Amino acid sequence: MTLRLSSEVFEIETAYPFGIARGTHQRYGRVWVRLTDDDGMEGWGEADPSYYYGETAETVVAALAAYAPALPADPFDLEAAEARLAATLKYNPSARSALSAALHDLVGKRLGVPLWKLWGLDPAAAPLSSFTIGLDTLEVIRKKVREAAAYPILKVKLGTPDDRAILRVVREETDKPIRVDANAGWTLKDAMQRLPLLEEMGVELIEQPLAPDDIDGLRVLRAASRLPIIADESCRTAADVPRLVGAVDGVNIKLSKCGSLREAIRIVRVARAHHLSVMVGCMMESSLGITAAAHFTPLLDYVDLDGAALLKHDPFQGAGIEGGRVTLPTLPGLGVTRR
Ligand code: MG
């Protein structure tokens with residue numbers, strides 16, 4: 001058997017300009033990856049490159065060309081294939097994760113089972129997903145919180161001089177659980193100063209308060225904080241987990257950071273072995289990218305898979321997070337179709 005690789009760059013656009021501590025964007029170039037086998041069966045994956053992690057749609061397309069010769073003849077050869085892809089061209093994690101998703105999609109389709117079933121997971125065990133309120137003016141933040149009424153958990157972007165005002169506006173509108181994500185926007189001093197406010201506002205957890213490499217700072221902050229601290233930018237792959245032990249309470253997995261579905265599950269296992277909690281997050285993604293990550297949500301404590309829910313138009317249909325509830329497809333493989 002041989003696998004034929006094809007790819008197509010497409011653009012997604014968020015309903016609102018999406019602001020985090022590092023900047024604001026509204027349009028994102030994504031890559032739809034397809035692997036076709038000799039029977040004409042297709043495995044799909046989405047690359048969601050992030051400039052912060054060194055990728056663009058253009059680097060993904062270039063990386064795919066380099067990865068093509070390392071693709072397996074047999075899609076079931078997953079472990080060796082992923083190892084070969086990682087050795088062929090390092091980094092480029094979103095390009096590799098798209099190929100990983102496409103291989104897993106093909107395997108599920110050939111077996112006639114959805115991925116969660118192949119992994120022996122119970123869809124009912126998936127935690128509720130949060131919905132993100134990006135940085136904006138206070139009036140727009142208030143409007144977004146109202147529009148997110150259907151979602152039971154909010155994730156609020158912070159990491160600005162206006163954090164106090166932002167939290168007050170959100171709390172004026174709702175008493176539902178809120179999680180905050182500073183996207184590495186605070187110094188240790190900023191974070192320490194904000195702890196009493198975060199506790200007073202009933203925040204459930206703090207994501208990536210400090211710079212990714214400030215592990216000593218995270219350790220100091222964690223000792224002072226009553227709220228759990230989750231590493232996102234500080235944790236890309238399973239190899240990052242051991243050094244974070246004692247410095248954080250949990251880690252946030254993203255396929256676009258770790259580079260494959262199997263590496264994502266390795267992170268879960270390594271984190272669990274160190275008694276850490278585990279979250280899954282996303283970039284701005286269509287439902288094709290989101291669904292690949294949704295399949296392993298039954299293994300997790302926290303889910304933040306709102307990428308497709310924040311879009312103006314979603315070209316794909318797959319896992320959903322309506323009302324915060326993660327619904328996993330029952331179609332084979334990823335179970336994603338064109339909308
Ligand atoms: Mg984050």
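The values are calculated or read from the model by the stated rules, or taken from the named source; none is laboratory data. Everything numeric in this text was worked out from a predicted model, so none of it was measured. A quick note on method: Cβ atoms are made from the backbone with ideal geometry, for glycine too, and the neighbour counts reach across all protein chains shown. In case anyone asks, the SASA skips ligands and DNA or RNA and just uses the protein heavy atoms, side chains included. Shrake-Rupley method; radii C 1.70, N 1.55, O 1.52, S 1.80 Å.
Below is a table of values for the structure above.
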{"quantity": "In range of the label at Gln26: residues from segment 280-308 whose backbone nitrogen is under 19 Å from the point 7 Å along Cα→Cβ", "calculated": "284-286, 307-308"}
{"quantity": "C-alpha center-to-center spacing [segment 1-29, segment 61-104] in angstrom", "calculated": "20 Å"}
{"quantity": "Computed accessible area, Arg27, all protein chains, 1.4 angstrom probe, square angstrom", "calculated": "140 Å²"}
{"quantity": "The chain - percent of accessible surface contributed by carbon and sulfur, probe 1.4 Å", "calculated": "53 percent"}
{"quantity": "Prolate/oblate/rounded call for segment 108-253, Cα gyration tensor, a/c under 1.5 rounded", "calculated": "oblate"}
{"quantity": "Where chymotrypsin sites (Phe, Trp or Tyr not before Pro) in DSSP loops with at most 15 other Cβ within 10 Å are excluded, longest remaining stretch of the chain", "calculated": "92-339"}
{"quantity": "Segment Arg146-His274, extension gain: residue separation times 0.36 nm, minus the distance between their alpha carbons", "calculated": "42.2 nm"}
{"quantity": "Between segment 278-301 and segment 238-272, the Cα center-to-center distance that results, in Å", "calculated": "14 Å"}
{"quantity": "Modelled label reach - Ser6, point 7 Å along Cα→Cβ, segment 295-339 residues with backbone N closer than 19 Å", "calculated": "315-317, 336-339"}
{"quantity": "Size of charge dipole - segment 1-136 - debye, nearest 20, with Cβ of Lys, Arg +1 and Asp, Glu -1, no other charges", "calculated": "220 debye"}
{"quantity": "Accessible solvent surface per residue of segment 4-112, calculated while the other protein chains remain in place, 1.4 angstrom probe, Å²", "calculated": "43 Å²"}
{"quantity": "Charge dipole magnitude, Cβ of K and R +1, D and E -1 - the chain, Cα centre, debye nearest 20", "calculated": "300 debye"}
{"quantity": "Lysine-lysine proximity count for the chain, Cα under 23 Å, sequence distance 8 or more or distinct chains", "calculated": "23"}
{"quantity": "Solvent-accessible area per residue, Å², over segment 117-338 with all protein chains present [probe radius 1.4 Å]", "calculated": "37 Å²"}
